[in-house]
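Note sheet for the following structure.
The values are calculated or read from the model by the stated rules, or taken from the named source; none is laboratory data. Everything numeric here is computed off the predicted structure, so don't read it as measured data. No Cβ is skipped: glycine too gets one built from the backbone with ideal geometry, and neighbour counts run over all protein chains shown.
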Ligand code: SF4
Ligand code: SF4
């Protein structure tokens, strides 16, 4: 079987070829235009960045992508789904506001936002894939309804998965709140009694009659009835219905691969990753610690597995910048060729995640890196 092609450009520019044009060139070179976009709803999956984090992809790139898709006859929209934890993106109102704050407004991003899983993260559709870990991932409706998926991924480290790239952006990022619960948790939700106000919202909305208010007017889950749908976590506005015990990194990566399979099922798709501001952790944090390696470039592919592997390999090959999370513990070492993700997150298992993604048919790890040769015209 031939290798998957990953198209790559470095970040050198000239007056006639800026980074937006270079992104457009590799996307074109990679063949995105072969997708029939005419009159199709196109979900551009992107992370808008938690307020305070400045490592997310600039809206200018999203604008260029949206304009490319419109020129090919498609109807693009920018999308992400709500978070499980409280913060600036846990419901659609706050999420859109946070996105605007980070520049994803109709002027800068030239595209509208639809939060995939709706106002409170409960708008989801189960997409059957008969996965080993997740039989029918719970995907945000706007993504499930989209005809074409384009992912724009900020490639960086991640505290739970090792790195965050295309698979993480798609699999975790398109999961509804209930989906995120399934991804993260090895168990069903729990109630933090201190936070519970007894508002009864979870009781009213649990479709399985699995929650009651006890004599102290605190929510209590009947685990014989609870199916782990996550609705109570999505609806509780007091951080009282929360995740149970976290799953392992290995299983989290397996589940993310299965969720990605559901997101992309039966749909044309294409992926672009930005290996810039390679911060140690997810853009879901309200800060981004110093980059680990110098900015590397932009890569694009039809194959999200090959794309993630190529980006990981480039970060591994790169030298380490001074004064960051790696140099805190490895101050005088030459670390070109070292697995930076394992250095900073030793409990993570990104390699096993890619192996599993390949095994379930999402793509292949073997790739051919095709460079954009011209950078000065
Ligand atoms: S929705 Fe939250 S605060 Fe309200 S009763 Fe349920 S757990 Fe308690
Ligand atoms: S996870 Fe679902 S089934 Fe379980 S208590 Fe919460 S709403 Fe009910």
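So the values come out like this:
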| quantity | calculated |
| --- | --- |
| Some residue of the stretch 169-185 being surrounded by fewer than 23 Cβ atoms within 10 Å (Cβ to Cβ), in contact with a strand residue (DSSP E or B) (Cβ under 7 Å, 6 or more places away or on another chain) and in a loop (DSSP other than H, G, I, E, B) | no |
| Per-region count, the stretch 1-24, residues touching a strand residue (DSSP E or B) at 6+ places or on another chain (Cβ under 7 Å) and surrounded by 15 or more Cβ atoms within 10 Å (Cβ to Cβ) | 9 |
| Complete set of residues in the stretch 199-214 that are part of a loop (DSSP other than H, G, I, E, B), near ligand 2 (Cβ under 10 Å from one of its atoms) and in contact (Cβ under 8 Å) with a residue 24 or more places away in the chain | 206, 207 |
| Hey, residue 366 more than 19 Å from the chain's Cα centre (by Cα), within 20 Å of residue 253 (Cβ to Cβ) and at pLDDT 95 or above or not | yes |
| Residues of the stretch 215-235 satisfying the condition of being at pLDDT 85 or above and either within 14 Å of ligand 2 (Cβ to nearest atom) or in a strand (DSSP E or B) (or both) | 218, 219, 220, 221, 222, 223, 224, 225, 226 |
| Candidate set: the stretch 146-164, residues that are assigned to a loop (DSSP other than H, G, I, E, B) and surrounded by 23 or more Cβ atoms within 10 Å (Cβ to Cβ); chosen: the one modelled with the lowest pLDDT | 161 |
| So residue 218, is it without any contact (Cβ under 8 Å) to a residue 12 or more places away in the chain and either over 27 Å from residue 312 (Cα atoms) or within 10 Å of ligand 1 (Cβ to nearest atom) (or both) | no |
| Among the residues listed as 143, 233, the single one being surrounded by 22 or more Cβ atoms within 10 Å (Cβ to Cβ), within 16 Å of ligand 1 (Cβ to nearest atom), touching a residue at least 24 places away in the same chain (Cβ under 8 Å) and closer than 22 Å to residue 48 by Cβ | 233 |
| Residues located in the stretch 275-306, provided they are touching a helix residue (DSSP H, G or I) at 6+ places or on another chain (Cβ under 6 Å) and in a helix (DSSP H, G or I) | 304, 305 |
| Residues within the stretch 354-373 that are out of contact with any helix residue (DSSP H, G or I) (no Cβ under 8 Å at 6 or more places or on another chain) and assigned to a loop (DSSP other than H, G, I, E, B), tallied | 1 |
| Residue among 309, 351 that alone is part of a helix (DSSP H, G or I), surrounded by fewer than 20 Cβ atoms within 10 Å (Cβ to Cβ) and within 23 Å of the chain's Cα centre (by Cα) | 351 |
| Residue 240 vs. criteria at pLDDT 90 or above, within 14 Å of ligand 1 (Cβ to nearest atom) and surrounded by 19 or more Cβ atoms within 10 Å (Cβ to Cβ) | yes |
| Breaking point among (1) in a loop (DSSP other than H, G, I, E, B); (2) more than 16 Å from residue 370 (Cβ to Cβ), for residue 44 | (1) |
